[in-house]
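Enquirer: Have a look at this one before I ask anything.
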Amino acid sequence: MELLGYIIPFLFVLTIVVFFHELGHFSVARWFDVRVETFSIGFGRKIFSWVDRKGTVWKVGWIPLGGYVKFFGDDSVASTPDREKLGEISAGASALQTAGAESPLSRADDRVLTASEQSECFHFKPLYQRALIVAAGPIANFILAVFIFAFLFSVVGQRMIPPRIDAIIDDSPAQEAGLLVGDVIKQIDGRRITNFSQVHEIVSTSADDRLAIVVERDGEVVELTVTPELVAVTDQFGNTHRVGQIGVERVLPPMVDAISPDGPAEEAGLQPGDIVRQIEGQDINSFLAMQTVVQKSAGVPLEFTIERNGELMTVEMTPAPVEITSADGKEVEVGRIGIQGHDNITDYDIVRVDVLTGMVMGVERTWFIIERTFHFLGGLFVGQEDASQLSGPLGIAKVSGEVAQGGLVPLISLAAILSVSIGLLNLFPIPMLDGGHLLYYGYEAVAGKPLGERAQEFGFRVGLALVISLMLFATWNDLVKFRIFG
């Protein structure tokens, strides 16, 4: 049952994203009168299938890791051309044209060839039509993301938390930059900030980047520069992430929401609702501040001052040492007391916007994900980002299961993010992917003729090797993160 809790959300999210991607290809192909032989969600042997009135086989395969649309004239699910079939179609159409006949042309295998087959074949369509059909898949992914985000902004609503700084960690980038408690963040690198969540979105993906930040302080505008540091943080599911952080927080006070069994907090008698006021006589005004002290004190007894029902009490806890992977990829030991924080922000509003504004915000959010993805890839290329952060199907399944615990809305939001990622990945100029086909068409547009058959076949082989290598690498990352290997 626990395994199904990951598999079902994963299949739900992936099926939505893959279906709309292939629907993009399918819809534009039908628009240009291309014969579609197969529309498949998943690969391998079919679970079930049916045939529509135009002869397209719709099927669901046993391997749910993608999908494909196979056009008339294709040799494979990657839309590589069937050279033999294309030659037969071309020869048959030429023979009919020479004879001036509209009737079928019989062949030795008793198959009937008509001139209409050339007009229905994807590979005989004009260049611009082929390019639009190929690009329609990734574009459909982006459109899906925009509509999902628009729905969330317009119907579900967005929790708007004022971007005010309530706490700053000592010796943090925020303190070094001159930020103060009470500052209201207005802009980061020219992007208007209206919600505290936007601060986290930008900062977490901008480690070691100098960010221009504009704050409002006592009615005046102050311009500063802050450089997020790369840190390893652990989420509520125990996953370690390497993200940028400047050391500011909105959650006050540091209240205990849940307690892990058999941890130092449970042994000390802590209860949900307790508030940590001091550690070793040092005032604690945020959960992040408490985490900072605890993480640096593995195996060291600490005296905690706890507020419970308006009364103060003192307990002693020794943070348990836990091995995690640090921001620089090394195994380090940090302290844990086994509690989960409580988001007790009260000064927020649930804001819903009209449909048009929601669409605009959906476009902005989609573009933000694209821009941040390129930022990460650029950092990866120059060595500023860690390739271990790349995840494959196992990682996506794990995240899907964890997000699903928060309900349907977070899962739908994850589908939008994944849709953008898959759309963008498919546009990479790698043969086998949509971007590789567009690269070939770009050559054809410039040279006035298609790339040679051998060059295309070589490119597809190289592309297949790259795609398989990337998937294996990402899967290995997942296995290492799950402590199965490594």
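The values are calculated or read from the model by the stated rules, or taken from the named source; none is laboratory data. Computed from a predicted model, the values in this text were never measured in an experiment. Here the Cβ is made from the backbone with ideal geometry for all residues, glycine too, and neighbour counts use every protein chain on show.
Enquirer: Would you check which residues across the range 209-240 are at pLDDT 90 or above, aliphatic (A, V, I, L, M) and surrounded by 15 or more Cβ atoms within 10 Å (Cβ to Cβ) and list them?
Expert: Once the filter is applied, which keeps residues that are at pLDDT 90 or above, aliphatic (A, V, I, L, M) and surrounded by 15 or more Cβ atoms within 10 Å (Cβ to Cβ), the range 209-240 yields Leu211, Ile213, Val214, Val215, Val222, Leu224, Val226.
Residue-by-condition table, conditions (1) surrounded by 20 or more Cβ atoms within 10 Å (Cβ to Cβ); (2) under 17 Å from Thr205 (Cβ atoms):
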| residue | (1), (2) |
| --- | --- |
| Met361 | no, no |
| Arg365 | yes, yes |
| Phe374 | no, yes |
| Leu380 | no, yes |
| Leu394 | no, no |
| Gly407 | no, no |
| Leu433 | yes, no |
| Leu439 | no, no |
| Ala445 | no, no |
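Enquirer: Then there is this: Out of everything in the range 297-318 that is among the small types (Gly, Ala, Ser) and closer than 17 Å to Glu333 by Cα, what residue ends up being surrounded by the fewest Cβ atoms within 10 Å (Cβ to Cβ)?
Expert: Gly299
Enquirer: Scanning for something among the β-branched types (Val, Ile, Thr), part of a helix (DSSP H, G or I), in contact with a Gly (Cβ under 6 Å, 6 or more places away or on another chain) and modelled with pLDDT under 90, does the range 393-405 turn up at least one residue?
Expert: No, the range 393-405 has no match at all.
Enquirer: Restricting attention to the range 415-461, and to residues there that are free of Cβ contacts under 8 Å to residues at least 24 places away in the same chain and outside any helix (DSSP H, G or I), which single residue is farthest from Trp367 (Cα to Cα)?
Expert: Gly452
Enquirer: Given (1) at pLDDT below 90; (2) in a strand (DSSP E or B), where does Ile41 come up short, assuming only one miss?
Expert: Result: Ile41 passes all but (1).
Enquirer: Only one of Val300, Val293 is of a type outside the set (Phe, Trp, Tyr) and in a helix (DSSP H, G or I); which?
Expert: Val293
Enquirer: Hey, another quick one. Looking for whichever is hydrophobic (A, V, I, L, M, F, W, C), modelled with pLDDT of 80 or more and part of a loop (DSSP other than H, G, I, E, B) here; the options are Val34, Val13. Which one fits?
Expert: Going through Val34, Val13 in turn, just one is hydrophobic (A, V, I, L, M, F, W, C), modelled with pLDDT of 80 or more and part of a loop (DSSP other than H, G, I, E, B): Val34.
Enquirer: Do the conditions hold for Val403, that is, is it under 21 Å from Ile8 (Cβ atoms), in contact with a helix residue (DSSP H, G or I) (Cβ under 7 Å, 6 or more places away or on another chain), surrounded by 17 or more Cβ atoms within 10 Å (Cβ to Cβ) and β-branched (Val, Ile, Thr)? Please lay out each step first, then the result.
Expert: Working: under 21 Å from Ile8 (Cβ atoms): yes; in contact with a helix residue (DSSP H, G or I) (Cβ under 7 Å, 6 or more places away or on another chain): yes; surrounded by 17 or more Cβ atoms within 10 Å (Cβ to Cβ): yes; β-branched (Val, Ile, Thr): yes.
Yes: the conditions hold for Val403.
Enquirer: Take the residues of the range 62-76 that are closer than 27 Å to Leu418 by Cα and surrounded by 19 or more Cβ atoms within 10 Å (Cβ to Cβ): which is modelled with the lowest pLDDT?
Expert: For the range 62-76, the residue satisfying everything is Pro64.
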